[in-house]
Number of protein chains: 2
Amino acid sequence: MSSETGRTRPYHHGDLRRALIDTALQILQEEQNWEFTLRELARRAGVSHAAPYKHFADKRELLAEVAAVGFRALRQAMEAAAAGHEGEPEELLAVLGETYVAFALESPARFRLMFGPVRDDEPPVPALQSAAGEAFEALRAAGAGSGGGEVDTRTLAAWSLVHGLATLLIDRRIPGAPSDTAGTRALVARIIRASVRAPA
Amino acid sequence: MSSETGRTRPYHHGDLRRALIDTALQILQEEQNWEFTLRELARRAGVSHAAPYKHFADKRELLAEVAAVGFRALRQAMEAAAAGHEGEPEELLAVLGETYVAFALESPARFRLMFGPVRDDEPPVPALQSAAGEAFEALRAAGAGSGGGEVDTRTLAAWSLVHGLATLLIDRRIPGAPSDTAGTRALVARIIRASVRAPA
DNA sequence: GCCTCTATGTTTTCGCCGTCAACTTAAAGG
DNA sequence: CCTTTAAGTTGACGGCGAAAACATAGAGGC
């Protein structure tokens, strides 16, 4: 409801939380890792070093929210890419895979954060769980499986291929891989198309 | 050459470095992450908190050496599994893939550490680079490609599939996945066999 | 056999971090 | 208008990574 013009800062200080998540995403993009300190984040957001604790229990929770935003973005990207390919399941799967890898390459650190390990000893962050679940649902829907909660074999194979390719690429683990965007995109397309064409 | 009985501690204090790497691997296995402090590591090794700096420039270098040991272990495991399947390329690839995933499941944190991002701004650790390269060479040799330094398409597809499956499994990202070892093993075998049978 | 040299380990110190507790401020609502 | 309370600040604590200054004990030259 706040207008863009006029007094930009809302009442107290502004809606931190949103600002903190945005700033965290910025730093994540700049430094390509999430080893930045909470104090640095607060500094860049223009608040005191303890202010974030009014919105997040600790650093893990803040990062989990950032990851959740990432999963929503991934889901949107996949849904947008899927539009218009409802008729042809093979093409749909290929396009979805290319989108998945492109998403990872576009922001490697965010992708790594999203797929960081789910630790058993820490309490789960609900927003992250639901966002991740919905993203995977978009992926599962493209597979041959029915509407159940399980992932069918073919879909899982495709997902694994695409996820592994994305991971290996962003971690620069493939020896002869091209370093430019165009070459990488061609490589991804080649591998995905070849695998999709041959139904497992 | 040191006997197990008698004076166990060698001259000065022992061969730290080896001890530190071993202890780090232990903690890594116990806590399933590498957020442990260098001071905690020194404590468990029975030395002062600054002693590690006589053997490693910083914490990253120590972790890189741990990762290098992991790559050597992965290479050994794959070579052992490959023995006896020289004649049949399809079976060889499948067995190699199963070994790869089993290695990841056996020690998830070590696997994650090994495949952590290669940062451009940090100086590379030679031992890690060579160990990783040799492990990938063992994998590439199983593919249809020749002896060049590049990875052929089919091999890369297989590697991606297996790497992605391993990653998704250890990060508990697959919704309906079995939690027990036997079930997981069966799932892995099913996916790999199906994909290998259908040449891309 | 002694004596220096140097690798290895210790102590001390520094600045910074995550987190918490106590205090302050200002928007909201009866 | 005045109280309540969410949101932000200040200050403190223990612990960390890293570096500097210091200590010690094998090893090798003489």
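The values are calculated or read from the model by the stated rules, or taken from the named source; none is laboratory data. What you are looking at is a predicted structure, and each value in this text was computed from that prediction instead of being measured. Don't worry about glycine lacking a Cβ; one is built from the backbone with ideal geometry, like all the others, and counts go over all protein chains shown. Note: areas computed on protein heavy atoms with side chains; ligands, DNA, RNA excluded. Shrake-Rupley method; radii C 1.70, N 1.55, O 1.52, S 1.80 Å.
What number, in nm² with one decimal, is the all-direction average of the projected area of the convex hull of the alpha-carbon atoms of the protein assembly as shown?
Working: hull surface 99.5 nm².
About 24.9 nm², averaged over all directions.
Starting from the eigenvalues of the Cα gyration tensor, five times each then square-rooted, give me the equivalent ellipsoid semi-axes of the range B:19-92, largest first, whole Å. The partial results should precede the final answer.
Values: eigenvalues 241, 27, 17 Å².
Semi-axes, largest first: 35, 12, 9 Å.
Given contacts defined as C-alpha pairs under 8 Å and at least six residues apart, what's the relative contact order of chain B, whole-number percent?
Values: 164 pairs, mean separation 43.4, N = 200.
Relative contact order for chain B comes out at 22 percent.
Work out which residues of the range B:104-131 lose at minimum 20 square angstrom of accessible surface when the other protein chains are put back, relative to the chain isolated, with a 1.4 angstrom probe, and list them by number.
Buried-area filter returns B:112, B:115, B:117, B:118, B:119, B:120.
Ratio of Rg to Rh for chain B, alpha carbon only, Kirkwood? Numbers along the way, then the final one.
Working: Rg = 19.3 Å, Rh = 18.8 Å.
Looking at chain B, the ratio lands at 1.03.
Starting from 0.36 nm per residue, how many nanometres of slack lie between residue A:29 and residue A:50 once their C-alpha separation is accounted for?
Details: separation 21, 0.36 × 21 = 7.56 nm, distance 2.34 nm.
Between residue A:29 and residue A:50, full extension yields an extra 5.2 nm.
Please give the net charge around residue B:33, taking every other residue with its beta carbon less than 9 angstrom from that of residue B:33, where Lys and Arg add +1 and Asp and Glu add -1. Before the final figure, lay out each step's value.
Numbers: positive: A:119, B:112; negative: B:31, B:35.
For residues surrounding residue B:33, the net value is 0.
Helix A:126-142 versus the longest principal axis of chain A: what is the Cα-based angle in degrees, 0 to 90, to the nearest 10?
20
On a 0 to 90° scale, report how tilted helix B:18-31 is relative to the longest principal axis of chain B, with both axes built from alpha carbons and the result rounded to the nearest 10.
Taking Cα atoms only, the helix is inclined about 60 degrees.
Could you report the range A:88-152's accessible area per residue, 1.4 Å probe, as an integer in Å²? The partial results should precede the final answer.
Values: 2960 Å² over 65 residues.
That works out to 46 Å² for each residue.
Using a 1.4 angstrom probe on heavy atoms only, work out the carbon and sulfur share of the accessible area of the protein assembly as shown in %. Intermediate results must be reported in sequence, preceding the final value.
Numbers: 11110 of 21560 Å².
That fraction is 52 percent.
Rounded to the nearest 100 Å², what is the sum over both chains of accessible area buried where A meets B, with a probe of 1.4 Å?
Working: alone 12490 and 12450 Å², together 21560 Å².
Buried: approximately 3400 Å² between B and A.
Heavy-atom accessible area per residue, the range B:7-86, 1.4 Å probe: how many Å²?
On the way: 4940 Å² over 80 residues.
Each residue of the range B:7-86 exposes 62 Å² on average to a 1.4 Å probe.
Students often get this wrong: which residues of the range B:59-95 have the backbone nitrogen under 18 Å from the point 7 angstrom along Cα-to-C-beta of residue B:137?
Output list for this probe position: B:68-83.
How tilted is helix B:153-170 with respect to the longest principal axis of chain B? Cα atoms for both, answer in degrees (0 to 90, nearest 10).
60
State the extension gain, in nm to one decimal, for the chain segment bounded by residue B:91 and residue B:122, taking 0.36 nm per residue of separation less the distance between their alpha-carbons.
7.2 nm
For residue B:42, what charge total do you get from the other residues with a beta carbon under 12 Å from its beta carbon, if Lys and Arg give +1 and Asp and Glu give -1?
On the way: positive: B:39, B:43, B:44, B:54, B:59; negative: B:40.
Its environment carries a net charge of +4.
Over the heavy atoms of residue B:196, what accessible area does a 1.4 Å probe trace out, to the nearest 10 Å²?
Number for this one is 30 Å².
Return the single residue from A:177, A:64, A:94 with maximal mean-square fluctuation; model: Gaussian network over chain A, springs between Cα atoms under 10 Å.
So, out of A:177, A:64, A:94, the one fluctuating most is A:177.
Determine the calculated [θ] at 222 nm for chain B from helices alone, applying -39500 (n - 2.57) to every DSSP H run no shorter than 4 residues and normalising by the residue count; nearest 500 deg cm²/dmol.
On the way: 8 runs with 123 residues, N = 200.
Helix-only estimate at 222 nm: -20000 deg cm²/dmol.
Once fully extended, how much extra length lies between residue A:83 and residue A:179, figured as 0.36 nm per residue of separation less the alpha-carbon to alpha-carbon distance? It would help to have the intermediate numbers written out before the result.
Details: separation 96, 0.36 × 96 = 34.56 nm, distance 2.99 nm.
Using 0.36 nm per residue and subtracting the Cα-Cα distance, I get 31.6 nm.
Hey, can you rank A:31-38, B:166-173, B:74-81 by average C-beta count inside 10 Å, highest first?
Values: A:31-38: 14.9, B:166-173: 19.4, B:74-81: 17.2.
Ranked by mean Cβ neighbours within 10 Å, highest first: B:166-173, B:74-81, A:31-38.
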